[in-house]
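Participant: The structure follows.
The values are calculated or read from the model by the stated rules, or taken from the named source; none is laboratory data. Predicted model only: the values in this text are computed from it and were never measured. When we count neighbours, we look across all protein chains shown, and the Cβ atoms used for this are built from the backbone with ideal geometry, even at glycine.
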Amino acid sequence: MTPSEQTAVSVLVIDDERDIRDGCERFLRRLGCAVAKAPDGGAGLQAMEKSPADIVLLDLKMPGMDGLEVLKKLRQFHPQVLVIVITGYATVETAIEAMKLGAYDFLPKPFQPDHLRLTVGRAMERLRLTRETERLEQERQQTLADLAGEQSRLRTVIRALPMGILVTQPDGKVVLHNPTFCQMTGLAPDSPSGRDITNYLNEPKVHELARCVSQQKQNNSDDPEAVEFVTKQGRNLLAQATPVLGDGGASLGAVLVFIDVTPYRMLDQLRQEFVAKVSHELRSPLSTILLQLTLLLGEEGAAPIKGHRHLLVRARERTQGLISFVRDLLDLSRLENGGGAAAEPVEVSLEKTLTSVIEALSDQAQSREMELSLDLPQGPLPMLRADPVGLESVFTNLTANAINYSPDGSKVKIRAWCEGDSLKVTVSDQGFGIEPEKVGLIFDKFYRVKNEKTRYVTGTGLGLPIVKSVVQSLGGSVEVDSELGKGSTFTVTLPAKPV
C-alpha cells in the first residue's frame with residue numbers, strides 16, 4: 001500500500017487489557033494507521049457510532065458485553081468493517097461461530113508484533129483491494145453514463161441533421177440511417193437497419209460509390225467522392241461518401257451524406273429559361289431596328305428609301321417597347337425583393353387613379369374606335385394607403401391588356417364599388433378570351449396567350465405578374481373570369497381600411 005493509502009486506514013482496538021491496547025496502538029501507528037481504543041464492548045460500539053473505523057481488533061473475552069455480542073452488533077450496523085478477533089481461547093467452536101458472524105481473521109493471545117503485522121497487513125490489503133474495486137466500479141459506471149450520454153447526443157444530432165445520413169459496413173450492410181434520409185428516398189420512417197444498401201436505395205451509382213469508398217478506392221484529392229441522381233419522387237440528390245477508418249487505417253465502412261439539390265437545379269432551369277426568354281425579347285426588336293436603319297442608310301446593298309418617316313416611327317415604337325421591357329423587369333425585381341415599385345405608401349384616391357388611367361389610354365382606344373368607360377358609385381370611395389405609382393400601374397396594365405386583346409370597335413369597361421370592408425374594381429372587355437387550361441398560367445412571368453388572334457399583339461409577359469405582386473403587397477387579390485371568344489373580366493379586391 002502507498003503511504004497515502006496507509007494513512008487513510010483507521011483501526012479501533014477493543015480490549016479490556018490496557019497493555020494490549022497500548023501495544024497495538026504503538027505498533028499500528030508505525031504502519032501509518034489512525035488508532036482509537038476502547039476498554040469494553042459498549043465503549044467500542046459508541047466509538048464506532050462517532051467515528052466508524054475500517055478495521056476492528058476485537059477481544060472475545062471481556063467483562064459485561066462479550067466479543068461475540070459486539071461482533072453481532074458490528075455486523076448489523078457496520079457491515080463493511082473488517083473484524084479481527086483477539087482471543088486466548090482459540091477453540092474450533094469459537095472460530096466457527098465467529099466466522100458465521102462475519103469475522104475476517106483471528107489473532108490468538110499471546111501474539112508477537114510480526115503476527116500482528118501480518119494479520120493487520122492482510123486486512124489492509126483486503127481493504128485496499130475493496131476500495132480499488134469500488135473506485136473502478138464508479139469509474140466504469142461513470143464511463144458508461146458518459147458513453148450513454150454521448151450516444152444520445154450523437155443520435156439526436158444525426159436525427160436533427162437537414163441532410164440524409166447513411167452509414168455502411170465494408171460488406172454493404174447499413175448500420176445507421178436518419179429520418180431525413182428516409183424522407184428524401186421515400187422510405188418508411190421506422191425502417192430498421194442491418195440490411196444491404198440495395199434494400200434502402202435502388203441506385204447502382206450510390207452502391208458502387210459506397211463499395212469503392214469502403215475499399216478505399218478513392219481519388220487522390222481530399223474532396224469526398226460524390227454522385228448525383230434523381231429519386232422516384234423526382235428529387236435531385238447529391239451523395240457524398242467518406243470512409244470510416246479504424247486503428248491502423250483499416251476501413252470500417254463508409255458514411256454517405258445526401259444533400260437535396262432540387263432547388264438549385266430548379267434555379268438553374270429558371271435561369272436558362274429566363275436567359276432564353278430575355279434573349280428572344282431583345283433580339284426580335286433589335287433586329288427590326290437594325291434592318292430599318294440599314295434601309296434608311298442604304299447600306300449592305302439596299303437602295304436608300306425616300307419617305308422614310310414610317311420606318312423611323314416603327315423604330316421608335318420598337319425602342320419604346322425595349323425600354324418598357326427593361327422597366328417592367330426592374331419593377332418586378334423590386335417588387336419580389338420587397339422593395340416595392342416606388343415610394344413610401346401614402347393616401348391615394350381610387351377615383352383619381354382610375355380617371356387618370358382612362359385619360360392616359362383614351363387616345364389608344366379611340367385610334368381603334370373602341371369605347372373606354374368608367375363606372376363609379378354615387379358616393380366617394382374610401383381612401384387607400386398605397387404607392388400611387390404602383391397602384392396606377394395595376395389598372396394601367398389591366399386596361400392596356402383589355403384594349404390590346406380586344407377587336408376594333410369593342411367596349412372596355414372599368415367599374416369600382418365598395419363591398420363591406422373591401423374595394424372592388426373590375427376591368428371587363430369583349431376580347432378574344434382565354435382558354436380555360438391557360439387561365440392559371442397568365443400570372444407567370446413571361447407567359448403570354450398566343451393564338452391566331454393574338455399573335456400580332458406585342459408585350460413582355462410581365463404586366464400581369466407585376467399586377468399580382470402589387471395587389472398582394474397591398475393585402476389584396478386579383479382574379480380572372482374569361483370565356484373564349486366573348487371576353488375577360490379581371491377583378492381586383494383591395495382592403496378598404498389602410499394597411
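Participant: Quick one: L187 ticks every box in (1) assigned to a helix (DSSP H, G or I); (2) over 30 Å from D22 (Cα atoms) except a single one, so which number is it?
Facilitator: Of (1) assigned to a helix (DSSP H, G or I); (2) over 30 Å from D22 (Cα atoms), only one is false for L187: (1).
Participant: Here's a follow-up. Condition check: on the phi < 0 side of the Ramachandran plot and touching a Ser or Thr at 6+ places or on another chain (Cβ under 6 Å). Does L107 satisfy that?
Facilitator: yes
Participant: Among the residues of segment 210-243, which ones are at pLDDT below 85, out of contact with any Pro (no Cβ under 8 Å at 6 or more places or on another chain) and over 17 Å from C182 (Cα atoms)?
Facilitator: Within segment 210-243, K217, N219, N220, S221, D222, D223, P224, E225, A226 qualify.
Participant: Identify, please: which residue in segment 149-167 is part of a helix (DSSP H, G or I) and touching a residue at least 12 places away in the same chain (Cβ under 8 Å) and is, among those, surrounded by the fewest Cβ atoms within 10 Å (Cβ to Cβ)? Outline the logic, then answer.
Facilitator: Within segment 149-167, the first condition is being part of a helix (DSSP H, G or I), and the residues that meet it are 149-160.
Those left that are additionally touching a residue at least 12 places away in the same chain (Cβ under 8 Å): 158-159.
On the way: I158: 16, R159: 11.
Looking at residues that are part of a helix (DSSP H, G or I) and touching a residue at least 12 places away in the same chain (Cβ under 8 Å), I get R159.
Participant: Right, another one. Checking K50 against (1) charged (D, E, K, R); (2) over 17 Å from G102 (Cα atoms); (3) over 60 Å from the mean Cα position of the chain (by Cα): exactly one of these is not met. Which one?
Facilitator: Condition (3) is where K50 drops out.
Participant: May I pose another question? Restricting the first residue to segment 127-148 and requiring it to be assigned by TED's automatic domain parsing to the domain that holds A53 and within 21 Å of C33 (Cα to Cα), which pairs with a second residue that is in a helix (DSSP H, G or I) and of a type in the set (D, E) meet a Cβ separation below 7 Å and a spacing of at least six or different chains?
Facilitator: R128/E5
Participant: Continuing with the same structure: Here is a check on your reading of the model: is S428 part of a loop (DSSP other than H, G, I, E, B), more than 14 Å from L494 (Cβ to Cβ) and among the polar types (S, T, N, Q)? I'd like the intermediate steps shown before the answer.
Facilitator: Values: part of a loop (DSSP other than H, G, I, E, B): no; more than 14 Å from L494 (Cβ to Cβ): yes; among the polar types (S, T, N, Q): yes.
No; evaluated as a whole, the condition is false for this residue.
Participant: So which of G339, G379 ends up being at pLDDT below 70 and part of a loop (DSSP other than H, G, I, E, B)?
Facilitator: On the way: G379 fails: at pLDDT below 70.
From the options G339, G379, the qualifying one is G339.
Participant: Could you grab me the full set of residues in segment 386-425 that are within 18 Å of K352 (Cα to Cα) and in a loop (DSSP other than H, G, I, E, B)?
Facilitator: Matches in segment 386-425: D387 only.
Participant: Let me ask another. Quick one: is P170 touching a residue at least 40 places away in the same chain (Cβ under 8 Å), in the same structural domain as D196 (by TED's automatic domain parsing) and assigned to a loop (DSSP other than H, G, I, E, B)?
Facilitator: Numbers: touching a residue at least 40 places away in the same chain (Cβ under 8 Å): yes; in the same structural domain as D196 (by TED's automatic domain parsing): yes; assigned to a loop (DSSP other than H, G, I, E, B): yes.
In short, yes.
Participant: Considering only segment 61-70, state which residues are surrounded by fewer than 22 Cβ atoms within 10 Å (Cβ to Cβ) and either within 14 Å of A103 (Cβ to Cβ) or out of contact with any strand residue (DSSP E or B) (no Cβ under 8 Å at 6 or more places or on another chain) (or both).
Facilitator: P63, G64, M65, D66, L68, E69
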